[in-house]
Amino acid sequence: MIPYEIILKKRNGGSLSTEEIEYFVGGYVNGDIQEYQMAAFLMAVYFKGMEGKELSEFVRIMVDSGDRVDLSGIEGFKIDKHSTGGVGDTTTLVLAPLVSSCGVKLAKMSGRGLGHTGGTLDKLESIPGFNISIGKEEFINIVNKCGLAVIGQTAKVAPADKKLYSLRDVTATVDSIPLIASSIMSKKLASGSDGIVLDVKTGSGAFMENLDDARELGKVMVDIGRNWGKKMAAVITDMNQPLGRAVGHTLEVREAIDTLRGKGPADLEELCLYLGGWMLTLAGKVVDYNEGIELLKGKIKDGSALGKFKEMIIAQGGNPEVVDNYDLIPIGKYMLDIKASQDGYLSGVKNAKLGMAVGSLGGGRQKVEDKIDYTCGVLIEKSIGDKLQKGDSIGKVISDYQDKLTDILPVVEQCFIISTEEVKPVKLIKEYIY
Ligand code: URA
Ligand code: CA
């Protein structure tokens, strides 16, 4: 086979055979196919797409570029959840213990912060002692005993995606439906759970800015999963503003604890109950998501969800006292008000820019080995549609370093778009695909 021919075929809108994909992706992973060839191929896929059968073979080959995690040692149905990427997305921290408190198992593999998005692993590691690098046997033991565990995704899970993602990131080929779908699903399918609920974000802070594209992405991923025999559902949710109030590591851990207590921000609670309702539905625990939501509300009320969070922290070596004593998960000493630049209505948030601002405060990495400052971040007090007067506080930037705060404040203030015309609040949950 000749790489040029495969690129040409895709460029002209053809559908590749299994052998052609195997040759091209396999060759890329082992270094026979060059970066420039794969870059051209990705751009061809960006414009010409991939057909159902072709895409499912592409996914399978990405899965088989690495190991499939064997979770058969865990009894019962294992549910997973994945978001296509957001800012201040605290849901996994809440959902894992919440759903687990209903008796459904979660053997979850999460990622670190990427670009402007924060990572669940980093947030968990901001809990003193919390260990995300436990061995496979212990991971399985913990899930069997305690019902859940969250660990880091190993480099052996879909290594083709790792290499492809880095290339997509620098060749303007991230926001393609088949490429996002294959990237996410290859990792999820290799991770071994029986059911997956996808949170597909739409809006200015998401890869899919409009609802039609988000719906299409959701459908494509649900189909891929079903063809593998997985129970699947997707929920399309708004990402025009960060979820909840907190963006930043310890700020979000505190926010998750508040939510597990029933005292969290309304939007974060709403989304966790909804996604959790679907997770219980796929697991066969309830007949539909509404019944699931009621069950979950009960677990928040009677304290079992919060109790499960403590259990999880203990099982993974962390200090469970954080739940009752926030001083053990400190936030920055200094705060500055984010002020409205004019009269009007909050009409949007530049999420990517805001995420990057928190990153440059110290909450993100420039290099893989960089240490994160867990204590910095942003607390947002206003939502889209809120009326503002010039000088009103929209929220706070928080850090242990006063000079960094002064530098970043104008950047953060520019992230909040104010319109003179009245703006309606946005609907968080748009629709579901099942
Ligand atoms: N998240 C992923 O893992 N891959 C993508 O392509 C986009 C979001
Ligand atoms: Ca949040």
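The values are calculated or read from the model by the stated rules, or taken from the named source; none is laboratory data. Quick caveat: nothing in here was measured; it's all calculated off a predicted structure. Here the Cβ is made from the backbone with ideal geometry for all residues, glycine too, and neighbour counts use every protein chain on show. Accessible surface is based on the protein model in full, side chains and every heavy atom, while ligands, DNA and RNA are left aside. Shrake-Rupley method; radii C 1.70, N 1.55, O 1.52, S 1.80 Å.
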**Message:** Mean Kyte-Doolittle hydropathy of -1.0 or higher plus an axial Cα length of 20 Å or more: which whole DSSP H helices in the chain meet both?
**Reply:** 211-227, 266-282
**Asked** Rounded, prolate or oblate: which fits the range 79-323 when a ≥ b ≥ c are the square roots of the eigenvalues of the alpha-carbon gyration tensor, with rounded for a/c under 1.5 and prolate only if a/b beats b/c?
**Response** rounded
**Fill in**
Per DSSP, the loop-located chymotrypsin sites (Phe, Trp or Tyr not before Pro) within the range 313-406 having at most 12 other beta carbons within 10 Å are none
**Message:** Could you compute the longest span of the chain free of GluC sites (Glu not before Pro) located in DSSP loops and having at most 10 other Cβ atoms within 10 Å, not counting the site residues?
**Reply:** 76-368
**Fill in**
Counting only protein heavy atoms and rolling a 1.4 Å probe, one gets per residue an accessible area for the chain in Å² of 42
**Prompt:** In sequence order, what are the phi-derived ³J(HN,Hα) couplings for the range 375-385 according to the Karplus relation 6.51 cos²θ - 1.76 cosθ + 1.60 with θ = phi - 60°, rounded to whole Hz, with x for glycine and proline?
**Reply:** 8, 8, x, 10, 10, 10, 9, 10, 10, 4, x
**Message:** What does the extension gain come out to for Val287 and Ser341, with contour length at 0.36 nm per residue minus their alpha carbon separation?
**Reply:** 14.5 nm
**Heavy-atom accessible surface of the chain: percent carbon and sulfur, 1.4 Å** = 49
**Fill in**
Longest the chain segment clear of trypsin sites (Lys or Arg not before Pro) sitting in DSSP loops (not H, G, I, E or B) with at most 13 other Cβ atoms within 10 Å runs 1-155
**Prompt:** Tell me, what ³J(HN,Hα) does each residue in the range 199-210 have, in order and in whole Hz, if you take phi through Karplus 6.51 cos²θ - 1.76 cosθ + 1.60 with θ = phi - 60° and put x for Gly and Pro?
**Reply:** 9, 8, 7, 9, x, 5, x, 10, 5, 9, 6, 10
**Asked** Using the Cα atoms as the points, what is the convex hull volume per residue of the chain in Å³?
**Response** 137
**Prompt:** In the chain, what % of DSSP beta bridges are antiparallel (nearest 5)?
**Reply:** 55
**Fill in**
If amide H atoms are modeled at 1.01 Å from N in the peptide plane, then the residues at a separation of 5 or more from Gly348, or on another chain, having amide H under 5 Å from its own are Ile417
**Request:** Run the dipole for the range 3-49 about the Cα centre, Lys and Arg Cβ at +1, Asp and Glu Cβ at -1, nothing else charged, and hand back the magnitude in debye, nearest 20.
**Result:** 300
**Request:** Please go through the residue pairs Lys339/Lys430; Lys9/Lys219; Lys105/Lys310; Lys105/Lys297 and name each one whose alpha carbons sit more than 20 Å apart in this structure.
**Result:** Lys339/Lys430; Lys9/Lys219
**Prompt:** For the range 349-434, what is the Kirkwood estimate of the hydrodynamic radius, computed as the reciprocal of the mean inverse distance between distinct Cα atoms, to one decimal in Å?
**Reply:** 14.8
**Asked** Shape call for the range 101-221 from the C-alpha gyration tensor, a ≥ b ≥ c root eigenvalues: rounded (a/c under 1.5), prolate (a/b greater than b/c) or oblate?
**Response** prolate
**Message:** What is the distance in Å between the Cα centroid of the range 79-149 and that of the range 1-48?
**Reply:** 35
**Fill in**
Order by accessible surface, 1.4 Å probe, largest leading, for residues Asp327, Asp392 comes to Asp327, Asp392
**Message:** Give me, ordered by chain and number, the residues 5 or more places off Lys105 or on other chains with an amide H under 5 Å from its own placed amide H.
**Reply:** Phe77, Ile79
**Asked** Between Val368 and Asn325, what is the label-to-label distance in nm when each label sits 7 Å out along the Cα-to-Cβ direction?
**Response** 3.7
**Alpha-carbon Debye profile of the range 1-151, log10 I(q)/I(0) at 0.10, 0.13, 0.16, 0.18 Å⁻¹** = -0.53, -0.80, -0.97, -1.04
